[in-house]
Amino acid sequence: MKPNPKLLLIPLIGLMTTLIYAQSSPGSNFDNYGGIYTAIANPANIVDSKHKVDIGVAYNHLSYAEYGDIPLYYVEDPTGFNGIEYTENLDNDAAVNTSALADRDVIVSGMFSLNARHALAITARSRAFINYDDFNGYLWEGINSEFSQDAITIANPALNSSTHHWKEAGLSYALVLANAENHFLKFGGTFKYLMGAGATQLDGNLNGDYQNDIGQDDLRLDGSLNYINTFPEDYFSENQNNLQDLVFNSSVQGTGIGGDIGMVYEWRPRSTNRVDEGVNASALTKYKFRLSAAVLDLGTITYKDFVSEEFLINDVEFKGREIRQDNGLLNTLRKNTNDVTVVPTTGDAVVSLPTSLQLNFDVLLKNGANHYLNLNYMAAMSSSGSIYSSDRLNLATVSYRYETRNFSVYTPISYSTDLQEITGGIGMRLYFLTIGSATLSNLFMEGYVDNLFVGINFRKLEELF
């Protein structure tokens, strides 16, 4: 009896919802045999790709937190305050003014070569971004669990916290614009229909202090906050914190359109552009170097007719334990009507995608060999702390790559201008499986890895002969 293909997909999808995959996979985005993964980095890559057909499934996670830790496997029920876990004995000088980011992305996609000059791809993605900027980690820790410090000074004039979950249905098209003797140029674009599951936005300025040196548990706050939450109350299942809610929840609270655009140039001198008689040129890598540029995640999602609240906080005082009793800081502020004024406003919230510019240079190190050096720079095009906007890390990566049709290995070394730190990793592609980590060095220096990459794809390559 033949197996039912639909039944085979069930354990595969279940497996992928528990795997970890980095925002930019460690090298595979620029592997000439990377298939559909390369289309996420630049839609022009789908044409002249060495693939007749490539179908892939993956899950994406990248995170960092200057104080605390963002769980790899879970998505918190978003309120604007949670999403970060706090372990015992945390002590961090940066906690009084800190930031955090998380990016999760579940991808099911397919790429199809129409002929030597044209190609199509379709993608379905479920995505989540969390950005926290200029918040007091000690205060957030106390709001979510217990205050670990006996005395806290709160001074956050540009507090900004955003959470956004959405789904994308994308159609990509790419074509070859020029194929001269030494020069090759291709262009591609992706149109996306965006379906917003929900967003939270918390911003403003917050000042005050917390005192517990003799057990008084006194919290004093002053300033103003703006808050909106467009998630439906039943967005998360009974198993809150479960990543499957991101994938399978069909909530659509807002819609929009977006897209990616990209271009790739290859220099193909005679020394690397030799095709023997009887060999299929589409199956070969023919460039000495390759330059590419792409603008990713253009677009917005509009949430219509939602109520936002402005909290005008006039030196309010209460016990820290009241936050947990009232199930959150905002509920505590709402009940303090003498010192807090809440002004509701109904209107539309327009949330921007995490738009970025990606520049890439790839060079063959030795003619006739399979050794490459890749330089990539990803620059966020939305400024940190922007209202109703998700931010990416600014990231420069250099990676050595050895590649063949069925095996590749990558060794990315990245520098983040936001974090001002260097991380190193390793990745590997073996037939249909790609696995690796761009921050493997953190495992040895800090005892944990905050991103991993695992992808599974099913492909049919161009025949060599």
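Computed from the Cβ-Cβ distance with R0 of 30 Å, the FRET efficiency linking LYS319 to ALA158 stands at 0.65. Bins of 5 Å, beginning at zero and ending with the bin holding the largest distance: percent of Cα pairs per bin for segment 208-340, please. Reading upward from the zero bin: 2, 7, 9, 10, 9, 9, 9, 8, 7, 6, 5, 5, 4, 4, 3, 2, 1, 0.
Listed values for segment 392-407 are Karplus-derived 3J(HN,Hα) couplings in whole Hz (6.51 cos²θ - 1.76 cosθ + 1.60, θ = phi - 60°), namely 9, 6, 7, 9, 10, 10, 10, 9, 7, 9, 10, 9, 9, 4, 10, 8, and x replaces Gly and Pro.
For segment 282-393, what is the convex hull (Cα atoms) projected area averaged across all directions, in square nanometres?
Details: hull surface 50.9 nm².
Across all orientations, segment 282-393 yields a mean hull projection of 12.7 nm².
Annotation: for a label point projected 7 angstrom from Cα along Cα→Cβ of VAL307, residues of segment 316-334 with backbone N closer than 18 Å are 328-334.
Residue ranges 328-335, 401-408, 41-48, 123-130 sort as 41-48, 123-130, 328-335, 401-408 when ordered by packing (mean number of other C-beta atoms within 10 Å per residue, highest first). Taking label positions 7 Å along the Cα-Cβ direction at both VAL275 and ARG117, the computed distance is 1.4 nm, reported to one decimal.
Annotation: extensible slack from ASP348 through LEU185 equals 54.5 nm (criterion: 0.36 nm per residue apart, minus Cα-Cα distance).
For TYR193, TYR287, what ranking results if the residue with the fewest other Cβ atoms within 10 Å of its Cβ goes first? Walk me through the numbers on the way to the answer.
Values: TYR193 15, TYR287 21.
Placing the least packed residue first, the sequence is TYR193, TYR287.
Counting every alpha-carbon pair across segment 94-193, the share separated by more than 15 Å comes to 74%.
Bear in mind that the values in this text are calculations on the coordinates, not laboratory data. Quick caveat: nothing in here was measured; it's all calculated off a predicted structure. Positions of Cβ are generated from backbone atoms using ideal geometry, with glycine treated the same way; all protein chains shown enter the neighbour counts.
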